[in-house]
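Visitor: The structure that follows is given in the form of structure tokens.
The values are calculated or read from the model by the stated rules, or taken from the named source; none is laboratory data. Note that the coordinates shown come from a computational prediction; the quantities given were computed from them, not determined experimentally. Every residue, glycine as well, gets a Cβ built from its backbone with ideal geometry; the counts of neighbours run over all protein chains shown. Ligands, DNA and RNA are excluded from the accessible area calculation, which covers all protein heavy atoms including side chains. Shrake-Rupley method; radii C 1.70, N 1.55, O 1.52, S 1.80 Å.
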Amino acid sequence: MRTPLVFAGRLKKQFFKTLFLAGVIGLSLPCTSCSAATKPEGQKRFGADADYYIGLRLLGEGNENAAREKFKRCMKKGSPLCAQRSAEALCTFGNIQEKNTATENLLHLFSGEEVILIAARQFSASNEINKLIECTSGLDFATAKNEIIRLRLEAMAKRGDSAYESEVYRWFTECPISTEHYQFYRDTYNHPDFEGAYQNPENAALLKYTPEQFAINYRIASYKRNYSYTMLCSPELFHFFEDGSILPAPQLISDFGKNFLYGSMDFAKNAMHFRELAQKYAGTSAEFYFWFYAGRLFEKAGMYYQQTKNSFDNAIASAQSPSQKDNALWYLLNTSLNFSINSIINSIGTYAQEWSDAEYFEDFFEQLVTALLAAGRWNEFGRIYKAIDGYASDLTTAQFAYIYGRLIQEGLASGTKQEETDAFKRACRGGSSVYYKLLAAYRLGLGKNPVELQKILCAPTGIQENQSKKAAKTTKTPDSSFENLLMGYAYFGFPELIYTEWQKNQGENLSTETNFYLADFLAKCGDPEKNDYYTQSLRIAARAQRNASERITREQLKLVYPNFYNLYVSKYCSEFKMNESVMYALIRSESFFDADIMSSAGAVGLTQLMELTASDIARRFKIQDYSLTDPETNICFGTWYLGNLISRCDNSPLLGFFSYNAGITRVRRWLQSSLIEFGKKSNMPLDLFLETIPFAETREYGRKLVSATIAYDWLDSPARFDQTVEELLK
């Protein structure tokens, strides 16, 4: 499907990429080889740190001796981070003895979990058991990386260490069970055959085990969701709690509660039992969990609203951390939504002042929106948005404010023109609700005010302007050494090293300018045939906008909404008469421009097409041999398919988006239900229809695509803002 024009365009892009990396254009990078002509320039800019990058180049060329000298030189004279990376690099080549010596030197000179993990891996690979155990001593099992702990315990098992059993027990009871735990339990831990005894009960009496071994097995069985088995084990575990053999550690009690919740149908009886246990263990760390699962079990039993509420209230009162309190409050609110919507409306302001993480409750408010609309409780939106303003997230507050303004406009909610305007103005504020800000700007007539529009589109998406009554977001000071490290990777031509390093803290300790510099660099290094750096560039740019402390520039916004694969998008949008902004929005939202991605449902490539859909399209085009991971093929098929859906949805891009995500039959059924809810026969406002869709995933999908389409169109032609919104919502 590649035409001569497309092939020529690819050659042209590769030519400019080569010039970019060579320093002829773009960031003025030096030649990527380490010739004598470029060495002084790099060292002038990066000083002794240049030896680290030159060492990497030499190592890549197979010149280990020269690379070793460069790394050693940087360790002595370079900045702390480049010196550490040089020491880490020395651990990766040479014979086993040289690697071990370099690792010991790394541990001597530097500290931190990253260093310990490198050392643990090397000592494990070289079977240096004692050194591995020594370098991992003093770990906090609740916070340390599971891989480090697993390597330590494997070494202790080999050595026959006397502290082995106690440390295994600590690891299995002080943190959530992970794949690392399961791998260790399956491959290393010498545990009694509990499940074998379960399958052959006559052998159970012969099984010898300690309470700690039993608890570890219980946690693994819970991890595997073997609820029928864990329910048989639960009485014995509780017996160990009662006789003091083991303490009721929070992680164990949490598993205990989950197993009763999912392993038994006797919800009311179990709820009462957990309520009794909560009272018995009052004042301990277990109390919260017993109250919490009492509430979950009463809720499952049904018709026990007051008992459910009392249990969650007690869980909130006994919570020992903000996250525990938020978790119990979330369940309390959801229970109230199922039993008594009036109770929520009357007390939502009080509840809002109790939580710590406002974003944790966004999904609850999503459910509340659909419940209020289905019940025709139009006026409650104004009441709620004013009550939660300053406590809920900006997205939630903007959502309620915008819907209230629209309901006034549609004559469904009572309110003055000033209240309508105030609601839209509130929806325009904040940093995380781009969709509602853009639609509110349209309702306020800001499409004719380019300055205000740019402020909205270029605002940071992570700032919560309405959180003044809670702890304000702290702005991290950029780490100059980390910035220098990443800039050096770009300057010396190592794009493949940037994203892995950046991921360690998601760019939070980099300046906004540095983050966008790196995103721009990776975008220019990208190759549509290799699918290498486009997604990395976009992830960095999107996070940079979120982390920014002030508005970004228009040029930086273009990196947040990039035009990757533009030759293919332009070609097939022209052929199938599609708006390019719509296709860019679809690709960005579906795959983040990752041509090789595959969803858990089996959707493939840039436009996330299912194989069955693609095969139908291929037959239409009379194509027998194709690959959905080929960018051109995927964009061709996806563009035709979305265009076809839009034409079948009365040329509505938004209904086409919904159909692309959930199927056109469902969308038509939802639309009919919404018309009934709003008492209309036709002309359902699509922004209000979005809020009534029963699936949160589809609602958010629509918001993302609308926002992205508007952003792309605005970047292409700012004057089209009003027209774009009208076309999307028609």
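Visitor: Measuring with a 1.4 Å probe in the full set of protein chains, what accessible area per residue, in whole Å², belongs to the range 370-519?
Guide: Values: 5720 Å² over 150 residues.
Computed with neighbouring chains in place, this is 38 Å² per residue.
Visitor: How would E380, E212 rank on accessible area, largest to smallest, probe 1.4 Å? Can you show the working numbers first?
Guide: Values: E380 30, E212 65 Å².
Per-residue accessible area, sorted high to low, gives E212, E380.
Visitor: Turning to a different aspect of this structure: Once phi is turned into ³J(HN,Hα) by the Karplus curve 6.51 cos²θ - 1.76 cosθ + 1.60 with θ = phi - 60°, what whole-Hz value does each residue of the range 648-661 show in order, with x for glycine and proline?
Guide: 7, 10, 6, 6, 9, x, 5, 5, x, 4, 4, 5, 4, 7
Visitor: HN-Hα J couplings of the range 373-378 from phi, Karplus 6.51/-1.76/1.60, θ = phi - 60°, integer Hz, Gly and Pro as x?
Guide: Per residue, the Karplus-derived 3J(HN,Hα) values read 5, 5, 8, x, 8, 4 Hz.
Visitor: Still on this structure: Under the Kirkwood approximation applied to all pairs of distinct alpha-carbon atoms, what is the hydrodynamic radius of the range 268-372 in Å? Before the final figure, lay out each step's value.
Guide: Details: mean 1/r = 0.0724 Å⁻¹.
The answer is 13.8 Å.
Visitor: Separate question: Express the accessible area of the range 663-730 per residue in Å², computed with a 1.4 Å probe while the remaining protein chains stay in the model.
Guide: Details: 3040 Å² over 68 residues.
Dividing the accessible area of the range 663-730 by its residue count gives 45 Å².
Visitor: Percent relative contact order of the chain, based on C-alpha pairs within less than 8 angstrom and at least six residues apart? Walk me through the intermediate numbers first.
Guide: On the way: 950 pairs, mean separation 59.1, N = 730.
It comes to 8 percent, rounded to a whole number.
Visitor: Now, a different point. Extension gain M272-K622, at 0.36 nm per residue separation less the Cα-Cα distance, in nm? Can you show the working numbers first?
Guide: Working: separation 350, 0.36 × 350 = 126.00 nm, distance 6.55 nm.
Stretched out fully, the M272 to K622 stretch lengthens by 119.4 nm.
Visitor: Hey, what do the phi angles of the range 172-178 turn into as Karplus ³J(HN,Hα) couplings, whole Hz, using 6.51/-1.76/1.60 and θ = phi - 60°, x for Gly and Pro?
Guide: My calculation for the range 172-178 gives 7, 10, 9, 8, x, 5, 10 Hz in order.
Visitor: Right, here's the next one. Please list H191, H239 in order of solvent-accessible area, largest first, computed with a 1.4 Å probe with all protein chains present. Don't skip to the end; give the middle numbers.
Guide: Values: H191 60, H239 100 Å².
If we order H191, H239 from most to least accessible, we get H239, H191.
Visitor: Would you kindly state how much longer the chain becomes between E354 and D722 on full extension, computed as 0.36 nm times their sequence separation minus their alpha carbon distance, in nm to one decimal? Present the calculation step by step, with values, prior to reporting the outcome.
Guide: Numbers: separation 368, 0.36 × 368 = 132.48 nm, distance 4.01 nm.
Full extension from E354 to D722 adds 128.5 nm.
Visitor: Given an 8 Å cut-off on Cα distances and at least 6 residues of separation, report the relative contact order of the range 634-682 as a percent.
Guide: Taking the mean separation of contacting Cα pairs over the length of the range 634-682, I get 20 percent.
Visitor: Any idea of the accessible area per residue across the range 38-79, 1.4 Å probe, to the nearest Å²? Spell out each step's value before the answer.
Guide: On the way: 2260 Å² over 42 residues.
For the range 38-79, the solvent-accessible area averages 54 Å² per residue.
Visitor: Out of the total accessible area of the range 238-396 (probe 1.4 Å, heavy atoms of protein only), what percent is carbon and sulfur?
Guide: Values: 3090 of 6360 Å².
Exposed carbon and sulfur together represent 49 percent of the surface.
Visitor: Report the calculated FRET efficiency for K530 and E410 (r = Cβ-Cβ distance, R0 = 56 Å), to the nearest 0.05.
Guide: Values: r = 50 Å, r/R0 = 0.90.
Rounded to the nearest 0.05, the efficiency is 0.65.
Visitor: With r as the distance between the Cβ atoms of S321 and H239 and R0 = 41 Å, compute the FRET efficiency 1/(1 + (r/R0)^6) and round to 0.05.
Guide: In this case the efficiency is close to 0.90.
Visitor: Here's another thing I want to ask about it. A 22 angstrom limit on the alpha carbon distance is what I want to check against. Which of K386/K437; K77/K524; K44/K70 exceed it? Numbers along the way, then the final one.
Guide: Working: K386/K437 17 Å; K77/K524 32 Å; K44/K70 16 Å.
Flagged as over cut-off: K77/K524.
Visitor: While we're on this one: Report, to the nearest whole %, how much of the accessible area of the range 130-220 belongs to carbon and sulfur atoms, 1.4 Å probe, protein only. Display every interim value, and only then the final one.
Guide: Details: 2110 of 4510 Å².
In the range 130-220, the share of accessible area belonging to carbon and sulfur is 47 percent.
Visitor: For the range 352-411, report the translational diffusion coefficient in µm²/s to the nearest whole number, using Stokes-Einstein at 10 °C, 1.306 mPa s, and a Kirkwood Rh over Cα pairs. Don't skip to the end; give the middle numbers.
Guide: Numbers: Rh = 11.6 Å.
Answer from the Stokes-Einstein relation: 137 µm²/s.
Visitor: Can you list residues whose amide H is under 5 Å from L609's amide H, if they're 5+ apart or on another chain and H is modeled 1.01 Å from N?
Guide: V604
Visitor: Carbon and sulfur together cover what percent of the accessible area of the range 536-676 at a 1.4 Å probe radius? Mind showing how you got there, number by number?
Guide: Values: 2800 of 6150 Å².
Answer for the range 536-676: carbon and sulfur cover 45 percent of the accessible area.
Visitor: Sticking with this structure for a sec: With volume of the Cα convex hull per residue in Å³ in mind, check (1) 189; (2) 176; (3) 201 and report the label derived from this structure.
Guide: Matching the structure shown: (3).
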